[in-house]
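Okay, so here's the structure we're looking at.
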Amino acid sequence: MKDPNNDIIDVAATLRTVADRLRRAEVIDLDTVDDDYNATVIELSDTINDVIFDALKEGRLSDDILRALNEVGNILVSRTQDYDEFKE
């Protein structure tokens, strides 16, 4: 049987890996156009990780956390599509 706690830990690990990779890239090249983007991704990744682990510590079910993250992702995608349509 699949353990949903492993899924949520995998999400957190992926976010941490992305943030760490961007941190290393910023150390190497601080003058890129993507610095603000990278900093934002790092901050969001760190915040999401904090929320994930706080929720787990509070005893929330990992399935509920994953569903909530999915819902947030759906909202962000929807808003991005709205913005893209507005830009055109």
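Read-outs: derived from the displayed coordinates by stated rules, not from any lab. This is a predicted model, so every value here is computed, not measured.
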Check your understanding: Applying the Karplus parametrisation 6.51 cos²θ - 1.76 cosθ + 1.60 with θ = phi - 60° to the phi angles of the stretch 74-79, what ³J(HN,Hα) value in whole Hz is obtained for each residue in order, glycine and proline being reported as x?
Key -> 4, 5, 4, 4, 4, 5
Check your understanding: Just how far, in whole angstrom, is the stretch 62-83 from the stretch 41-57 if you go by their alpha carbon centroids?
Key -> 15
